[in-house]
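Each value in this text was obtained by applying a stated rule to the coordinates, not by laboratory testing. Note that the structure is a prediction, hence the values are computed from the model and not measured. Methodologically, a virtual Cβ is constructed for each residue, glycine included, from the backbone with ideal geometry; neighbour enumeration extends over all protein chains shown.
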Amino acid sequence: MTYWDKIEEAENEARRFLDRVAALRKRYADDEPMQAYFNIVGFRERAAVQRASMDLSRALVNLRRAY
């Protein structure tokens, strides 16, 4: 994998993370019960944000590694 491939992978993961955050914010704004139970109950969008965050972290680690 070339350095440019690693940059592209990190960029794609960052975009995916931001898309998941936007979906979570939209659901939070539109769903009143979610606002009440956000810190207590797991929600699909919240889990998607956490997963995208882990994938982004992994892509950034690969980017920082030596060739």
**OP:** Only residues that are aromatic (Phe, Trp, Tyr) and in contact (Cβ under 8 Å) with a residue 40 or more places away in the chain: list them for the range 19-67, please.
**Re:** 67
Original post:
When you scan the range 10-47, how many residues do you find that are under 30 Å from residue 65 (Cβ atoms) and out of contact with any helix residue (DSSP H, G or I) (no Cβ under 9 Å at 6 or more places or on another chain)?
Top reply: 3
Original post:
What helices (runs of 4 or more DSSP H) lie completely within the chain and have 2 or more residues being at negative phi and surrounded by 14 or more Cβ atoms within 10 Å (Cβ to Cβ)?
Top reply: 3-30, 44-64
